[in-house]
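A.B. asks: Here it is: the structure, laid out below.
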Amino acid sequence: MSNILHRQELGDLERWFAQRPRKPLVVRGARQVGKSTLVREFALRKGAPLVTIDFERNPEVRDAFRTREPARILSTLSLLTGQTVTPGKDLLFLDEIQAAPEALAALRYFHEELPELPVVAAGSLMEFALADAQFAMPVGRVEYLPLGPMRFEDFVEALGHPELKAHLRNLPLDDLEGAFPEAVHDRYMDLLRQYWVVGGLPEAVSGYVQALRESESGFERVAHIQHSVVATYRDDFSKYSHGTARDRLQMTFDRLPSLVGRKFKYVQVSRDHRAADLADALQRLCMARIAYKVCHTAANGVPLAAEMNERHFKCLYLDVGLMCAALGLNVLDLSRQDLTLVNAGAVAEQFIGQHLLHSGPSFQTPSLHYWTREARNAAAEVDYLIALGGRIVPVEIKAGTSGSLKSLHQFLKEKGGGLALRFNADPPSLLNDAKRLPTGELVNYRLLSLSLYMVDQARRLLWDEGLS
């Protein structure tokens, strides 16, 4: 098992680095998702000398950015840190940039005056810094890379199984059925259960890998790391809330893991607080990228956000491992039943959701939607929706056969499209299905049914099917 965590986002950094002209890149994400580690690993791969400026560790270097002249900024940084930055040779890394909003504003001038110098910035809680900043962001002069937890396939490789990762990434749609003999499928499912407990935070993954190498209890070490991560998030609460507002934030944070997969109602958090106050607390957690709203959309066309209803939403937590820890679930618990049924399906919905959030193009802000219809005797809900070019593909996370997909059938009847995606705990398949609704109408469609562990390949396989 390797000491280095190979992440798919390294490919996004490679594409950015090769661009000409190249804009400064800002890596955004919650604390502990591995932003700094990703940049250091990229520099190591490229063989590029990395000059790191950490604004939280060395706040005095903020003075270098009181000017908007890149050459003078580099000169001052050299005097303050003893590090020389050479354009065309070095990679400048501005870490924890949320602690220096003036450095964010200066990025536009690096793009305009020193385009030969690759500049990467990383930060968490950036939305709070920007909300307080007295300047306009350099729109159009910087590029963003949203970063979430490590993906399942990268976790598989970290555990020493690059061949299993390659098998998933290279599998053509035509060979889908029969590509997963029972023993292979069971191996993936075992790794999936491990991932659900460990999660995708790099520190937890590294700790787990190291414990396995030392023949120790990996899950015990992971539990200590997850506890520390949660404590770090709680320490941050005081940075963007105080007094009773901070208490509401803490309460909402603690309740989130048990509310995943359900329509979010503030009364589920507390009956003793105003909905408006709890809404503010949730919004702050979303700004910190600890929580994500999955809003209802009418889904009559793309973009899905055009018909979004922000009053009707579900929530996702940052990481499935932290969620399982908060719910007290371990590998033994996950081995006792179909994974799509654990905690009423909420854990599977979290796992799929956190992967689909970041499955689109890297330059897009992570977003996800669902569809629901609340009508007497005809209620329906589709877990997620994927925009595939101009098409909208409904996504369900279910056990059992296609006959149980009542909401999906209703969606296809109302919206059309003829292509649907299901995740379950069975080996994958692709089939033509026809379902007669209670109204007598017949819905004909293609159902791509993927094992839960294939979530990272969903868009690729949907494109293959949609364009065939």
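The values are calculated or read from the model by the stated rules, or taken from the named source; none is laboratory data. Being a predicted model, the structure only gives us computed values, none of them experimental. Cβ coordinates were reconstructed from backbone atoms using ideal geometry, including for glycine residues, and neighbour counts include every protein chain displayed. In case anyone asks, the SASA skips ligands and DNA or RNA and just uses the protein heavy atoms, side chains included. Shrake-Rupley method; radii C 1.70, N 1.55, O 1.52, S 1.80 Å.
A.B. asks: Which residues, counting only those in the range 85-103, are in contact with a strand residue (DSSP E or B) (Cβ under 7 Å, 6 or more places away or on another chain) and at negative phi? First the steps, then the outcome.
C.D. replies: At the first step, the residues of the range 85-103 found to be in contact with a strand residue (DSSP E or B) (Cβ under 7 Å, 6 or more places away or on another chain) are 85, 90-98, 103.
Across the range 85-103, the qualifying residues are 85, 90, 91, 92, 93, 94, 95, 97, 98, 103.
A.B. asks: Take the conditions under 23 Å from the mean Cα position of the chain (by Cα) and open to solvent by less than 40 Å² (accessible area, probe 1.4 Å) and apply them to residue 130. Does it pass? Quick ask: steps written out before the conclusion?
C.D. replies: Details: under 23 Å from the mean Cα position of the chain (by Cα): yes; open to solvent by less than 40 Å² (accessible area, probe 1.4 Å): no.
So residue 130 does not fit the description; no.
A.B. asks: Could you tell me which residue of the range 40-57 is least open to solvent (accessible area, probe 1.4 Å), considering only residues that are assigned to a loop (DSSP other than H, G, I, E, B) and in contact with a Leu (Cβ under 8 Å, 6 or more places away or on another chain)?
C.D. replies: In this case the residue turns out to be 55.
Matching residues to (1) touching a His at 6+ places or on another chain (Cβ under 7 Å); (2) closer than 26 Å to residue 187 by Cα; (3) surrounded by 13 or more Cβ atoms within 10 Å (Cβ to Cβ); (4) not acidic (Asp, Glu):
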site	(1), (2), (3), (4)
411	no, no, yes, yes
425	no, yes, yes, yes
432	no, no, no, yes
435	yes, no, yes, yes
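A.B. asks: Still on this model: What single numbered condition from (1) among the hydrophobic types (A, V, I, L, M, F, W, C); (2) open to solvent by less than 40 Å² (accessible area, probe 1.4 Å); (3) not in a strand (DSSP E or B) fails to hold for residue 305?
C.D. replies: Status for residue 305: all satisfied but (2).
A.B. asks: Any chance the range 365-383 includes a residue that's farther than 26 Å from residue 405 by Cβ and free of Cβ contacts under 8 Å to residues at least 24 places away in the same chain?
C.D. replies: No, the conditions are met nowhere in the range 365-383.
A.B. asks: If residue 179 satisfies every condition in (1) among the aliphatic types (A, V, I, L, M); (2) farther than 30 Å from residue 250 by Cα; (3) at pLDDT 95 or above but one, which is the exception?
C.D. replies: Failing condition for residue 179: (3).
A.B. asks: Output the residues belonging to the range 83-110 that are β-branched (Val, Ile, Thr) and either surrounded by fewer than 19 Cβ atoms within 10 Å (Cβ to Cβ) or assigned to a loop (DSSP other than H, G, I, E, B) (or both). Walk me through how you get there before you give the answer.
C.D. replies: Here is the first cut: in the range 83-110, the residues β-branched (Val, Ile, Thr) are 84-86, 97.
Across the range 83-110, the qualifying residues are 84, 85, 86.
A.B. asks: While we're on this one: Looking only at the range 31-64, how many residues end up being touching a residue at least 40 places away in the same chain (Cβ under 8 Å), within 13 Å of residue 97 (Cα to Cα) and of a type in the set (A, V, I, L, M)?
C.D. replies: 1
A.B. asks: Continuing with this model, one more query. Only residues that are part of a loop (DSSP other than H, G, I, E, B) and surrounded by fewer than 16 Cβ atoms within 10 Å (Cβ to Cβ): list them for the range 7-39, please. Give the steps one after another, and end with the answer.
C.D. replies: Quick first cut of the range 7-39, residues part of a loop (DSSP other than H, G, I, E, B) only: 7-8, 19-24, 29-34.
Residues satisfying the conditions are 19, 20, 21.
A.B. asks: Restricting the range 70-82 to residues that are out of contact with any helix residue (DSSP H, G or I) (no Cβ under 7 Å at 6 or more places or on another chain) and farther than 13 Å from residue 51 by Cα, which is most open to solvent (accessible area, probe 1.4 Å)? Outline the logic, then answer.
C.D. replies: From the range 70-82, those out of contact with any helix residue (DSSP H, G or I) (no Cβ under 7 Å at 6 or more places or on another chain) are 71-72, 74-75, 78-79, 82; that's our starting set.
When the remaining residues are screened for being farther than 13 Å from residue 51 by Cα, the result is 71-72, 75, 79.
Numbers: 71: 77, 72: 131, 75: 66, 79: 147 Å².
Restricting to residues being out of contact with any helix residue (DSSP H, G or I) (no Cβ under 7 Å at 6 or more places or on another chain) and farther than 13 Å from residue 51 by Cα, the top hit is 79.
A.B. asks: Checking the structure you have, find out if any residue of the range 244-253 is small (Gly, Ala, Ser), out of contact with any strand residue (DSSP E or B) (no Cβ under 9 Å at 6 or more places or on another chain), open to solvent by 40 Å² or more (accessible area, probe 1.4 Å) and in a helix (DSSP H, G or I).
C.D. replies: First, the residues of the range 244-253 that are small (Gly, Ala, Ser): 245.
Cutting the leftovers down to out of contact with any strand residue (DSSP E or B) (no Cβ under 9 Å at 6 or more places or on another chain) gives us 245.
From the residues that got through so far, the ones that are open to solvent by 40 Å² or more (accessible area, probe 1.4 Å) too are none.
Checked against the condition, which is being small (Gly, Ala, Ser), out of contact with any strand residue (DSSP E or B) (no Cβ under 9 Å at 6 or more places or on another chain), open to solvent by 40 Å² or more (accessible area, probe 1.4 Å) and in a helix (DSSP H, G or I), the range 244-253 yields no hits at all.
A.B. asks: Filter the range 270-289 down to residues that are more than 10 Å from residue 252 (Cβ to Cβ) and touching a Phe, Trp or Tyr at 6+ places or on another chain (Cβ under 8 Å) and give me whichever is surrounded by the most Cβ atoms within 10 Å (Cβ to Cβ).
C.D. replies: So, considering only residues that are more than 10 Å from residue 252 (Cβ to Cβ) and touching a Phe, Trp or Tyr at 6+ places or on another chain (Cβ under 8 Å), the one surrounded by the most Cβ atoms within 10 Å (Cβ to Cβ) is 288.
A.B. asks: If you don't mind, another one. If you scan the range 228-242, which residues turn out to be under 18 Å from residue 203 (Cα atoms) and polar (S, T, N, Q)?
C.D. replies: 228, 232
Rundown of residues vs (1) modelled with pLDDT of 95 or more; (2) closer than 18 Å to residue 150 by Cβ; (3) touching a Pro at 6+ places or on another chain (Cβ under 8 Å), yes/no style:
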| residue | (1), (2), (3) |
| --- | --- |
| 187 | yes, no, no |
| 209 | yes, yes, no |
| 220 | no, no, no |
| 225 | yes, yes, no |
| 231 | no, no, no |
| 244 | no, no, no |
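A.B. asks: Need pairs with beta-carbon distance below 7 Å; first residue farther than 19 Å from residue 22 by Cα and among the β-branched types (Val, Ile, Thr) and within the range 91-102, second modelled with pLDDT of 95 or more and open to solvent by less than 10 Å² (accessible area, probe 1.4 Å); sequence gap 6+ or separate chains.
C.D. replies: 97/55; 97/121; 97/122
A.B. asks: Somewhere in the range 435-456, is a residue more than 21 Å from residue 320 (Cα to Cα) and part of a helix (DSSP H, G or I)? It would help to see each step written out before you state the result.
C.D. replies: We begin by selecting, within the range 435-456, every residue more than 21 Å from residue 320 (Cα to Cα); these are 435-449.
From the residues that got through so far, the ones that are part of a helix (DSSP H, G or I) too are none.
Scanning the range 435-456 turns up no residue that is more than 21 Å from residue 320 (Cα to Cα) and part of a helix (DSSP H, G or I).
A.B. asks: Could you please let me know if residue 236 is charged (D, E, K, R), farther than 16 Å from residue 294 by Cβ and exposed (fewer than 15 other Cβ atoms within 10 Å of the Cβ)?
C.D. replies: Values: charged (D, E, K, R): yes; farther than 16 Å from residue 294 by Cβ: yes; exposed (fewer than 15 other Cβ atoms within 10 Å of the Cβ): no.
When the stated conditions are applied, residue 236 does not pass them.
A.B. asks: While we're on this one: When you look at residue 396, is it within 17 Å of the chain's Cα centre (by Cα), crowded, with 21+ Cβ neighbours inside 10 Å and either modelled with pLDDT under 90 or not hydrophobic (A, V, I, L, M, F, W, C) (or both), yes or no? Full working, then the answer.
C.D. replies: On the way: within 17 Å of the chain's Cα centre (by Cα): no; crowded, with 21+ Cβ neighbours inside 10 Å: yes; either modelled with pLDDT under 90 or not hydrophobic (A, V, I, L, M, F, W, C) (or both): yes.
The answer is no for residue 396.
A.B. asks: Still on this model: Could you tell me whether residue 444 is polar (S, T, N, Q) and on the phi > 0 side of the Ramachandran plot? Don't jump to the end; show me each part of the working.
C.D. replies: Numbers: polar (S, T, N, Q): yes; on the phi > 0 side of the Ramachandran plot: no.
For residue 444, the condition - polar (S, T, N, Q) and on the phi > 0 side of the Ramachandran plot - is not met.
A.B. asks: On the basis of being of a type in the set (Phe, Trp, Tyr) and assigned to a helix (DSSP H, G or I), does residue 180 make the cut? Give the derivation first.
C.D. replies: Numbers: of a type in the set (Phe, Trp, Tyr): yes; assigned to a helix (DSSP H, G or I): no.
No; evaluated as a whole, the condition is false for this residue.
A.B. asks: Determine which single condition residue 408 fails, assuming it passes every other condition in (1) of a type outside the set (Lys, Arg); (2) within 25 Å of residue 193 (Cα to Cα); (3) in contact with an Asp or Glu (Cβ under 7 Å, 6 or more places away or on another chain).
C.D. replies: (2)
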